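Have a look at the structure below before the remarks.
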Amino acid sequence: MAIIPQQRLFSWKEIDNLGDLERLELVLETMPDEKLMQFLEKKRGPWEKQLSHL
């Protein structure tokens, strides 16, 4: 049986070489956040209400 080499999607070394902020940015870009944003927007209330006191 032939062995077919597979390319890696990424190397952990690439991740390890990133700085803390770059790793955080990578996590935030890929993390699903729709439910979190809906929750925060519900707690915050409408923008008009927030800006009315300015």
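The values are calculated or read from the model by the stated rules, or taken from the named source; none is laboratory data. Remember, predicted model here, so these are calculated numbers, not experimental data. Cβ coordinates were reconstructed from backbone atoms using ideal geometry, including for glycine residues, and neighbour counts include every protein chain displayed.
For region 6-44, what are the residues that are within 16 Å of the chain's Cα centre (by Cα), charged (D, E, K, R) and assigned to a helix (DSSP H, G or I)? Answer for region 6-44, where residues must be within 16 Å of the chain's Cα centre (by Cα), charged (D, E, K, R) and assigned to a helix (DSSP H, G or I): Asp20, Glu22, Arg23, Glu25, Glu29, Glu34, Lys35. Being modelled with pLDDT under 85 and either small (Gly, Ala, Ser) or exposed (fewer than 10 other Cβ atoms within 10 Å of the Cβ) (or both) holds for only one residue in Lys49, Lys42, Lys35, Lys13, and it is Lys49.
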